[in-house]
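Structure record follows, encoded as structure tokens.
The values are calculated or read from the model by the stated rules, or taken from the named source; none is laboratory data. Nothing here was measured: the structure is a model prediction, and the numbers come from that model. All Cβ positions, glycine included, derive from the backbone under ideal geometry; neighbour counts span all protein chains shown. Quick note on the areas: whole protein, heavy atoms, side chains included, nothing else; ligands and nucleic acids left out. Shrake-Rupley method; radii C 1.70, N 1.55, O 1.52, S 1.80 Å.
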Amino acid sequence: MTKLGVNIDHVATLRQARRTYEPDPVTAACLADLGGADIITVHLREDRRHIQDRDLRLLKQTVFTKLNLEMSVAPEIVELALAEQPAQVTFVPEKRQEITTEGGLDVVSQKKTLTSLIKRFKERGIVVSLFINPETRQIEVAKEVGAEFVELHTGAYANATTETEQRNLLEKLCRGANLSRELGLRVNAGHGLTYKNVGPVVEEVDAEELHIGHSIISRAVFVGIKKAVEEMKELIYKHSLLAKTDRQS
Ligand code: PXP
């Protein structure tokens, strides 16, 4: 079954709004775990706008499922990540002015940097994923630089305004996922996924892990983190089963 990675950055965003100690993302991770999260994801940004170094350190000690760290290639963050040793890192592009991660990583233009970085992470036993748009060249180079996973950017699909556009973008994701698997890459997906649009991604893209933040934490404001995670897990389970039945018939 597709696994659920819960991104808890938004809990830290609320805390940083007052530069105080609550709400604590470490507590959020425990509650997400109780709700069935398979992976806890955080993004330690260079500007530290939400997750702080202390969060990463404590999460490393308290997350017993899988800790996935989203990060840029900035040397300071690279050294921190290598020191903390999360189970997995996902390289993402990072811009100061953006509200959230905008596009996918341009692995083609950063081929040399990524090749040597990935080697260093692999030597420490850290799994590496690259957050990319589902473009042929990006996928091919993701393989060449030695990544184990690609995380296909679902943002364009999530933002589609018509059914036709959504269908076309879903097909593009499927083609990207199939090409990645043919090349021997493992496939994750995420960004902009919600309770309403996750179904077709589960059924058709067939990713190993889906990484979801904003929609889950938004629902959690009203129903609590554990329940919000349980509800997303149920949806993923239902759509994974539907896809399995479809493939068998
Ligand atoms: N995957 C990656 C690589 C991301 O950068 C983000 C946002 O931090 C997500 C998934 C989750 O996106 P959302 O908050 O829209 O669910």
Query raised in the report: How much solvent-accessible surface does H10 expose, in Å² to the nearest 10, with a 1.4 Å probe and all protein chains in place?
Result: 80 Å²
Query raised in the report: Tally Lys and Arg at +1 and Asp and Glu at -1 over the other residues with C-beta under 13 Å from the C-beta of Y21: what net charge comes out?
Result: +1
Query - Whole-percent carbon and sulfur share, accessible surface of the chain, 1.4 Å - result: 52 percent
Query raised in the report: Within straight cross-link reach of K3, meaning Cα distance under 24 Å, which lysines are found once same-chain residues fewer than 8 apart are removed?
Result: K60, K66, K122, K143, K172, K196, K226, K227, K233, K238, K244
Requested in this report: Enumerate by residue number the trypsin sites (Lys or Arg not before Pro) in the range 1-33 meeting two conditions: DSSP loop (anything except H, G, I, E, B), and at most 11 other Cβ atoms within 10 Å of the site's Cβ.
Outcome: R18, R19
Query - Label zone at K227, where the point sits 7 Å out along the Cα-to-Cβ direction: the range 21-38 residues whose backbone N lies under 20 Å - result: 23-24, 27-37
Report task. Determine the dipole magnitude for the chain: charges of +1 sit on the beta-carbon of Lys and Arg, -1 on that of Asp and Glu, nothing else is charged, the reference point is the Cα centre, and the result goes in debye to the nearest 20. Result -> 340 debye
Report summary line: Yeah, the chain with a ≥ b ≥ c from its alpha-carbon gyration tensor (a/c under 1.5 is rounded, else prolate when a/b outruns b/c, oblate otherwise) is oblate
Report summary line: Given a 1.4 Å probe, the accessible area of the range 52-103 per residue, as a whole number of Å², is 48 Å²
Requested in this report: Using a 10 Å Cβ count of at most 12 others and DSSP loop calls, identify the longest part of the chain lacking such chymotrypsin sites (Phe, Trp or Tyr not before Pro).
Outcome: 65-249
**Report entry** Loop trypsin sites (Lys or Arg not before Pro), the range 143-201 (other Cβ atoms within 10 Å of the site Cβ: 15 or fewer; DSSP)
**Finding:** K196
**Report entry** T164 paired with T27, simple spin-label distance in nm, labels 7 Å along Cα-to-beta-carbon
**Finding:** 5.0 nm
Query raised in the report: Build a GNM of the chain with springs between Cα atoms under 10 Å: which of V107, V150, V223 gets the top mean-square fluctuation?
Result: V223
Query raised in the report: Heavy-atom accessible area of K119 with all protein chains present, probe 1.4 Å, nearest 10 Å²?
Result: 130 Å²
